């Protein structure tokens, strides 16, 4: 009886091991297909050709290898943009407290290139996180960047002084080191919630295969 039990146990163990191996292989294949799909998305979506506050040309390729939090706005925004940039800066500061986490690059892309040249962006961003980089460009370049991220932009009518407000989507985008969209955060999310979400994505991150 003991021998039969040992044999039965060995057979059951072998069957379980075989089932586990098949399951792991299937999960690896599914993960590989998903990563390949993400790779294809990374190649085309969310790209941009802009300039930073020093006048250097910048594209999404320049930020590959780093996590990016990106927000579209404009320097003449009376309240929403400053609030969102304060929140973004706070989220980055919270994440920087853990030296084990990978670097995170905050970016601000203007939707108002007529008024937001490199000098205007540099002055404006002094009030926020010291590593927050500003990006601007020609109207065509800025429009293309906004379209790539599916950001709505519409300049309102000018007043007697020529001033105007730009209506735009209020979203902060998270992009991983492979250039893949991972998440986006609206006005209702707090800095703590954003930081917690970003940390979760960092912990679960798997690099795309070459």
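Just to verify a number: FRET efficiency for residue 54 and residue 80, C-beta to C-beta distance, R0 = 25 Å, to 0.05? Display every interim value, and only then the final one.
Working: r = 27 Å, r/R0 = 1.08.
It comes to 0.40.
May I ask you to compute the full-extension gain from residue 206 to residue 47, defined as 0.36 nm times their residue separation minus their alpha-carbon distance, rounded to one decimal in nm? Please list the in-between numbers first.
On the way: separation 159, 0.36 × 159 = 57.24 nm, distance 2.11 nm.
Taking residue 206 through residue 47 to full extension adds about 55.1 nm, to one decimal.
Does a label point 7 Å from the Cα of residue 169, set along Cα-to-beta-carbon, have any residues of region 93-128 with amide nitrogen under 20 Å, and which are they?
Residues passing the 20 Å test: 106-113.
Quick check on the exposure proxy: order 168, 201 from fewest to most C-beta atoms within 10 angstrom. Could you put the intermediate results ahead of the total?
Working: 168 20, 201 13.
Arranged by neighbour count, lowest to highest, 168, 201 become 201, 168.
Could you work out the percent of alpha carbon pairs in region 45-88 separated by over 18 Å, rounded to a whole number? Before the final figure, lay out the partial values.
Working: 411 of 946 pairs.
Tail of the P(r) past 18 Å holds 43 percent of the pairs.
Starting from 0.36 nm per residue, how many nanometres of slack lie between residue 131 and residue 66 once their C-alpha separation is accounted for? Kindly include the intermediate steps, with their values, before the conclusion.
Details: separation 65, 0.36 × 65 = 23.40 nm, distance 1.32 nm.
Gain in length upon complete extension: 22.1 nm.
Show me the ranking of peptides 62-74, 86-98 by mean Cβ neighbours inside 10 Å, starting with the highest. Present the calculation step by step, with values, prior to reporting the outcome.
Numbers: 62-74: 20.1, 86-98: 17.2.
Descending mean neighbour count gives 62-74, 86-98.
Hey, what did region 50-191 get for relative contact order, percent, Cα under 8 Å, at least 6 apart? Don't skip to the end; give the middle numbers.
Working: 244 pairs, mean separation 47.1, N = 142.
Reported as a whole number, the value is 33 percent.
Of the listed peptides 185-194, 125-134, what is their order by residue-averaged count of other C-beta atoms within 10 Å, with the highest listed first?
Highest-to-lowest ranking by the protection proxy: 125-134, 185-194.
Computed from the coordinates by the stated procedures, all read-outs in this text should not be read as laboratory data. Everything numeric here is computed off the predicted structure, so don't read it as measured data. No Cβ is skipped: glycine too gets one built from the backbone with ideal geometry, and neighbour counts run over all protein chains shown.
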